[in-house]
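The values are calculated or read from the model by the stated rules, or taken from the named source; none is laboratory data. Please read all numbers here as calculations on a predicted model, not as lab measurements. Neighbour counts run over all protein chains shown; Cβ positions are idealised from the backbone, glycine included.
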Amino acid sequence: MAFVIDKITKDNYPLFDDMAFWRENGVEREPENTSVSTKIVKELSNPDLFIYAAKVDKRYVGWISLIYMPKVGKWQGSGHIYIDELWVAPEFRRQGLGKKLMNKADELQQDTSQKVNASDNTLRIRNK
């Protein structure tokens, strides 16, 4: 299966939003080329937020959301990269997409020399 991992930006956010709808509702919807709100544009421009999605056949079928949180004090400016969320559509699981998405956390860790942490939510298996 051929797939591409994209960083989510304001330009590809509508396609990402279609996938989020799919996850929440259990059914896909026709792609909507809606405008992206200024609030979403602002959130996506946050330098500490990293969202990547796996694209198969011109639709996103999984994503990972990563957040960098700086630490001060004894950490001397080093921070942590938290895996906020990881999801792959049920019919695309067990095909390596989740691993490729997790690789983005590893790449970010190497690029920033930070530690990667997973939240409890990431570790739960969800069948939505």
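To keep it simple, each residue is scored yes or no on (1) modelled with pLDDT of 85 or more; (2) under 12 Å from F50 (Cβ atoms); (3) surrounded by 11 or more Cβ atoms within 10 Å (Cβ to Cβ); (4) out of contact with any strand residue (DSSP E or B) (no Cβ under 9 Å at 6 or more places or on another chain).
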position: R93; (1), (2), (3), (4): yes, no, yes, no
position: L97; (1), (2), (3), (4): yes, no, yes, no
position: K104; (1), (2), (3), (4): yes, yes, yes, no
position: Q109; (1), (2), (3), (4): no, yes, yes, no
position: S113; (1), (2), (3), (4): no, no, no, yes
position: A118; (1), (2), (3), (4): no, no, yes, no
position: R124; (1), (2), (3), (4): no, no, no, yes
position: K128; (1), (2), (3), (4): no, no, no, no
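For the stretch 72-89, a tally of residues being modelled with pLDDT of 85 or more and either more than 16 Å from the chain's Cα centre (by Cα) or in a loop (DSSP other than H, G, I, E, B) (or both) returns 1. Does R23 satisfy the criteria of being without any contact (Cβ under 8 Å) to a residue 24 or more places away in the chain and either assigned to a loop (DSSP other than H, G, I, E, B) or surrounded by 14 or more Cβ atoms within 10 Å (Cβ to Cβ) (or both)? Here the answer is no, as R23 does not meet what is asked.
Only one entry in I51, I5, I67 is outside any loop (DSSP other than H, G, I, E, B) and farther than 25 Å from Q95 by Cβ, namely I67.
Against the test of being in contact with a Ser or Thr (Cβ under 7 Å, 6 or more places away or on another chain), in contact (Cβ under 8 Å) with a residue 24 or more places away in the chain, of a type outside the set (G, A, S) and surrounded by 16 or more Cβ atoms within 10 Å (Cβ to Cβ), the options I64, I83, I5 yield a single qualifying residue, I83.
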